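Peer 1: Have a look at this one.
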Ligand SMILES: Nc1ncnc2c1ncn2[C@@H]1O[C@H](COP(=O)(O)OP(=O)(O)OP(=O)(O)O)[C@@H](O)[C@H]1O
Ligand SMILES: [Mg+2]
């Protein structure tokens, strides 16, 4: 029983593991030796890993510095967006007035504002990165949460009405739970955006301990292995943040019918 | 009539935007512990009538009184339980919590809620499924949860809009019997919308036949089958006579429609 279950799991993972192994082989030998990709385009995997190991403490210090900025932006942007969505859903005329602009703002490349927030808050202040990350997170969370809050079936509302429910009770018991799957979809998008915001914000200037600044200066000094190792750190932190959000989703929206396909 | 639970007089409803007169001058008295079915062609205003009684739609003219109070007051007092055609259950709540929802809204304390939920779960034969989520249940079981929820707080009046419309014949007949048992045990009054003549006759103390465009009451057929009704009731000669009577009333009402 368990043995077959284990081998089934192994079979599920096998294709992904093979792709991973092939990627490493390609990176280490195929690209440099067969395709003759130059070191400044992509250094060998082993070279990146050894640099990563040698410079690990400064890399992780930089990663942690930037991660805190990203996390700050994520929390700030997502919480204000959630509260904003509640307000817009509660006062519908206001929502109708604001929503088109929110949708439009969702479509513009907000990252283009990164030099502006640097100018507003100062290059070295963490707030310049926190704010650009927060603004990046804000619109997708606002639009999705609002959609979730307003996608309640009319019968659900009629039922609550028949219990003489107040607006606050309808929000607490129906609208907010209905919106949660939408919210988590947006949070997963937002956590990726928050890392992008913090790192790209650094590219336009920031503290020398920041990850984005280190990537940029390493490239400028032709220390490509260090740049790639720093990108690896950014990826690890981004995946960790995404994984935490996905885990929170499983815990909070575990009731959702979409979890049923995982049961046998 | 002082002993009527529902008193509808001169009720009309026009949907201005669509320019549809859904209900035209409906008057109806429903007494304590009656089981009244509304039957009529699709679009004749059965759901609208039910919604007007439940103060979900605002009538254009006329009035609805429930327990001697205007419909709005009765709604605010929690006098209704509603069951829709599709079970309106909340996915994030378990069966037990779905049934407890109106009790929470009425401010019952935990111990009382738990005791009542246990009672209701047994009444609708769902013991063992308390901790399941709605999407883990079959359609018939889901509808039983909605029915348990509607009965849970012993409302004076039950409004049911084709609650068994989406179910297969066998499940439907079983739930018919369960519903009658609940009705007899809880001393409630029921208004029940259905498309099925035999279901209307089997369940009701009176069948109200409606005609379409505009929606009017075209006939009222009292059902004198003895209580309690059982599966065998469906095989009695009197049952067939009443089915025929309702069918003819339905056709007479719809004849001028063509
Ligand atoms: N919100 C609304 N806006 C406009 N027209 C409506 C609305 N609700 C119902 N109607 C119209 O009122 C009429 C009666 O509708 P209602 O839903 O009460 O019919 P019904 O008898 O319940 O039909 P069915 O048996 O198909 O459920 C229909 O012509 C319908 O189009
Ligand atoms: Mg209807």
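Peer 1: Note down, for the stretch B:1-80, the three equivalent ellipsoid semi-axes (square root of 5 times each alpha carbon gyration tensor eigenvalue), biggest first, whole angstrom. Don't skip to the answer; put the middle values down first.
Peer 2: On the way: eigenvalues 89, 41, 24 Å².
Whole-Å semi-axes of the equivalent ellipsoid: 21, 14, 11.
Peer 1: Shifting gears a bit: Determine the shape class of the stretch B:55-178: with a ≥ b ≥ c the square roots of the Cα gyration tensor eigenvalues, call it rounded for a/c under 1.5, and otherwise prolate if a/b is greater than b/c, oblate otherwise.
Peer 2: Because a/c hits 1.5 or more and a/b fails to exceed b/c, the stretch B:55-178 counts as oblate.
Peer 1: Taking beta carbons within 10 Å but only from partner chains, what does the mean come to for residues A:153-159?
Peer 2: Numbers: counts 3, 3, 8, 4, 2, 7, 13.
Other-chain Cβ atoms within 10 Å of each residue's Cβ, averaged: 6.
Peer 1: Cα axis of helix A:126-150 to longest principal axis of chain A: angle in degrees, 0 to 90, nearest 10?
Peer 2: The angle comes out near 40 degrees.
Peer 1: Still on this structure, I have one more. Under a point spin-label approximation (7 Å from Cα along Cα-to-Cβ), what is the residue B:135-residue B:33 distance to one decimal in nm?
Peer 2: 4.4
Peer 1: Just round it to a whole percent: the fraction of Cα-Cα distances in chain B exceeding 28 Å. Don't skip to the end; give the middle numbers.
Peer 2: Details: 11192 of 33153 pairs.
Value for chain B (Cα pairs over 28 Å): 34 percent.
Peer 1: Could you give the angle, 0 to 90 degrees to the nearest 10, between helix A:176-203's Cα long axis and the longest principal axis of the Cα atoms of chain A?
Peer 2: 30
Peer 1: How big is the gap, in Å, between the Cα center of the stretch B:83-158 and the Cα center of the stretch A:152-186?
Peer 2: Taking the Cα centre of the stretch A:152-186 as reference, the centre of the stretch B:83-158 is 17 Å away.
Peer 1: On to the next question. Over all distinct alpha-carbon pairs, what is the Kirkwood Rh of the protein assembly as shown in angstrom?
Peer 2: On the way: mean 1/r = 0.0359 Å⁻¹.
Every distinct Cα pair counted, the radius reaches 27.9 Å.
Peer 1: Over chain A, what number does the Rg to Rh ratio reach, with both radii from the alpha-carbon atoms and Rh per Kirkwood?
Peer 2: On the way: Rg = 22.8 Å, Rh = 21.3 Å.
Across chain A, the Cα-based Rg/Rh ratio is 1.07.
Peer 1: Would you mind calculating the relative contact order of chain B from Cα pairs under 8 angstrom and at least 6 residues apart, reporting the percent as a whole number? Write out the running numbers ahead of the final one.
Peer 2: Numbers: 479 pairs, mean separation 64.5, N = 258.
Rounded, it is 25 percent for chain B.
Peer 1: What ranking do A:203, A:101 get, fewest neighbouring Cβ atoms within 10 angstrom at the top?
Peer 2: Details: A:203 16, A:101 10.
Arranged by neighbour count, lowest to highest, A:203, A:101 become A:101, A:203.
Peer 1: Now a separate question. With contacts defined as alpha carbon pairs under 8 Å and 6 or more residues apart, what's the relative contact order of the stretch A:70-218 in percent? All intermediate terms of the calculation are to be shown ahead of the outcome.
Peer 2: Working: 203 pairs, mean separation 49.6, N = 149.
Once divided by the residue count of the stretch A:70-218, the mean separation gives 33 percent.
Peer 1: Summing -39500 (n - 2.57) over the DSSP H runs of n ≥ 4 in chain B and dividing by its residue number, what mean residue ellipticity at 222 nm do you reach, to the nearest 500 deg cm²/dmol? Don't skip to the end; give the middle numbers.
Peer 2: Details: 8 runs with 97 residues, N = 258.
The helix-only estimate for chain B comes to -11500 deg cm²/dmol at 222 nm.
Peer 1: Give me the distance between the Cα centres of the stretch B:199-216 and the stretch B:167-196, rounded to whole Å.
Peer 2: Measuring centre to centre over Cα atoms gives 15 Å.
Peer 1: Also, quick follow-up: For the Cα atoms of chain A, what angle does the longest principal axis make with the long axis of helix A:224-252, in degrees from 0 to 90, nearest 10?
Peer 2: 20
Peer 1: Per-residue Cβ counts within 10 Å, from other chains only, averaged over B:132-144: what number is that? It would help to have the intermediate numbers written out before the result.
Peer 2: Working: counts 0, 6, 2, 6, 3, 0, 0, 0, 0, 0, 0, 0, 0.
Mean inter-chain Cβ contacts per residue within 10 Å come to 1.
Peer 1: Mind computing the radius of gyration and Dmax over the alpha-carbon atoms of the stretch B:88-154? Å is fine for both.
Peer 2: Looking at the stretch B:88-154, its Cα Rg and Dmax stand at 10.5, 30 Å.
Peer 1: Using r as the Cβ-Cβ distance of residue A:24 and residue A:108, and R0 as 41 Å, what FRET efficiency do you calculate, to the nearest 0.05? List each step's numbers first, then the result.
Peer 2: Working: r = 38 Å, r/R0 = 0.92.
Taking R0 as 41 Å, the efficiency between residue A:24 and residue A:108 is 0.60.
Read-outs: derived from the displayed coordinates by stated rules, not from any lab. These numbers were taken from a predicted model, which means no experiment stands behind them. Backbone-built Cβ (ideal geometry, glycine too); neighbour counts: all protein chains shown.
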